[in-house]
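The values are calculated or read from the model by the stated rules, or taken from the named source; none is laboratory data. What you are looking at is a predicted structure, and each value in this text was computed from that prediction instead of being measured. Because the Cβ atoms are built from the backbone with ideal geometry, glycine has one as well, and the counts that use them run over all protein chains shown.
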Number of protein chains: 2
Amino acid sequence: MNQALIIEDDRNIVELLAIHLKDIGFEATRAYTVSEGMHLGLTQTFQLIVLDLMLPGGEGLEICKKIRAEGITTPVLILTAKSEEIDKVLGLEMGADDYLTKPFGIREFQARVKAVVRRSLPAHAQPHGGAVGAMQFESLMIEPDMRRVSIRGQRVELSPKEFELLVLLASHPGRSYDREELLKLIWGYDYEGMAHTVNAHINRLRSKIEPDMQTPTYILTTWGIGYRFNENL
Amino acid sequence: MNQALIIEDDRNIVELLAIHLKDIGFEATRAYTVSEGMHLGLTQTFQLIVLDLMLPGGEGLEICKKIRAEGITTPVLILTAKSEEIDKVLGLEMGADDYLTKPFGIREFQARVKAVVRRSLPAHAQPHGGAVGAMQFESLMIEPDMRRVSIRGQRVELSPKEFELLVLLASHPGRSYDREELLKLIWGYDYEGMAHTVNAHINRLRSKIEPDMQTPTYILTTWGIGYRFNENL
DNA sequence: CAGCCTTTTCACAACCCTATCACAAAAGCA
DNA sequence: TGCTTTTGTGATAGGGTTGTGAAAAGGCTG
């Protein structure tokens, strides 16, 4: 399994990241301070480093700089608070590969991790470009790469949230997600909204893709829990 | 598949180039130093060499010179920082076929690669006349090779950015590109401008090719994401 | 079958995103 | 160099999306 180094002082976030890194094939090593992170980063080998910029006891960027100075090319994904957007430039100049502003959605985190890691691999190890990951269920076609959803070849206009919900659910047919989980995954790990919001979005999504709203074909309700994508298609 | 040699010390750029060379049919061999590059360039056969001028441990141009001295005619595409424009003359005199200043847009990189490689092939291997790869959508005709766009046979004058945007979008109808992606592809891999800039260009482009600005025919908006070319034409 | 809890549906205000215009800076050209 | 075109960005108006309340409908439990 791939090794990831998380350098972040907020333990809740560390565990959250660790869990979702595991989903996509990473085992996480944890560092809660700059010195810890620096030490681990220089002495062990990782396929990914996740680095919080705002760390007590030192500027997070120093780690990035130092690691690059040592000739280590491990992809680095930087986490930064919203107000520090200026650091984007700085981060990329220091050798970071991508950055994410808090609070971010877990799905976006996973997507960015996959992207930077993919870039770090040699070209011949790349999965083929184009329509990778297209999914079809009866007359519903989902093409995440093109950001297109169509029914019987006819494109359906989905809002960002609707699209993300559909892709997430359709990626794991039969698995039920409760509303809190969906909020974490799509809205962000510390989103302060009501779970009820998810209902409204599912409702709007269904109205766009379901032939019959009374008896949904694709997005089913797991009563008392949340929603799932129909696994019998 | 064609073989390309990339000689460049920044690994991020190397991988970026490798990925996009693959798009246009090249398999990349990587060299991170002058000596590596020199050795590979002299001992293996490539259909393309991409060479960074600013390499640690030696003048990049030496590689070019040496290779040409050995009678190797592989097309060489030179990468150079903006301030070193003087080197253009020098590079071309040393036997380079084209050059590109950093940061460059991925699309431009691909276009230049295609151009130098095409020039290096014998005349009978050339694709036929100018209209190769022309695209027509209703009354809109796009001829990338001739850098010409026309509506009902009437030529439309597009600025460089407008033209590139149109060709890129029209090359993948139905696929949505977000603004950041367009900036990367057309403006350059580390362009630091605002995504909002894309809006302005799309707006100007539309005003030149769309019959009705209120309901665009060709360039559609993917709300919350970016733009796409109409796939139903 | 009644009561309670969950989900669905609808409406709407606040918010965010896009379209558009204007203008200054930058780049290209003569 | 001076002129023209292109380009980047701010400001603003308009439109779509989103979050939430409230009521209706549906399912579970005793």
- prompt: How about region B:30-55: which of its residues are touching an Asp or Glu at 6+ places or on another chain (Cβ under 6 Å) and within 14 Å of chain A (Cβ to nearest Cβ)?
  reply: B:Tyr32
- request: May I ask you to verify whether A:Lys208 is out of contact with any strand residue (DSSP E or B) (no Cβ under 8 Å at 6 or more places or on another chain), of a type in the set (Lys, Arg) and within 12 Å of DNA strand D (Cβ to nearest atom)?
  value: yes
message: Here is a list: B:Ile49, B:Ile78, B:Ile72. Which entry is farther than 21 Å from A:Arg119 by Cα, assigned to a strand (DSSP E or B) and free of Cβ contacts under 8 Å to residues at least 60 places away in the same chain?
response: B:Ile78
Among the residues listed as A:Lys184, A:Lys161, the single one being within 13 Å of chain B (Cβ to nearest Cβ) and buried (at least 16 other Cβ atoms within 10 Å of the Cβ): A:Lys161
- prompt: What residue, of A:Tyr177, A:Tyr189, is assigned to a strand (DSSP E or B), under 30 Å from A:Ile13 (Cβ atoms) and of a type in the set (Ser, Thr, Tyr)?
  reply: A:Tyr177
task: Please enumerate the residues belonging to region A:211-228 that are more than 10 Å from DNA strand D (Cβ to nearest atom) and assigned to a loop (DSSP other than H, G, I, E, B).
output: A:Pro211, A:Asp212, A:Met213, A:Pro216, A:Thr217, A:Tyr218, A:Ile225
- prompt: Just for region B:187-233: of the residues that are within 14 Å of chain A (Cβ to nearest Cβ), within 22 Å of the chain's Cα centre (by Cα) and near DNA strand C (Cβ under 9 Å from one of its atoms), which one is farthest from B:Ser159 (Cα to Cα)?
  reply: B:Gly226
Matching residues, region A:164-177, being exposed (fewer than 15 other Cβ atoms within 10 Å of the Cβ) and either on the phi < 0 side of the Ramachandran plot or of a type in the set (A, V, I, L, M) (or both): A:Ser171, A:His172, A:Arg175
query: Here are some conditions: (1) of a type in the set (Phe, Trp, Tyr); (2) assigned to a loop (DSSP other than H, G, I, E, B); (3) within 13 Å of DNA strand D (Cβ to nearest atom). A:Phe163 meets all but one. Which one does it not meet?
result: (2)
query: Pick from B:Glu8, B:Glu27: which is touching an Asp or Glu at 6+ places or on another chain (Cβ under 6 Å), within 25 Å of A:Thr74 (Cα to Cα), within 14 Å of another protein chain (Cβ to nearest Cβ) and at pLDDT 80 or above?
result: B:Glu8
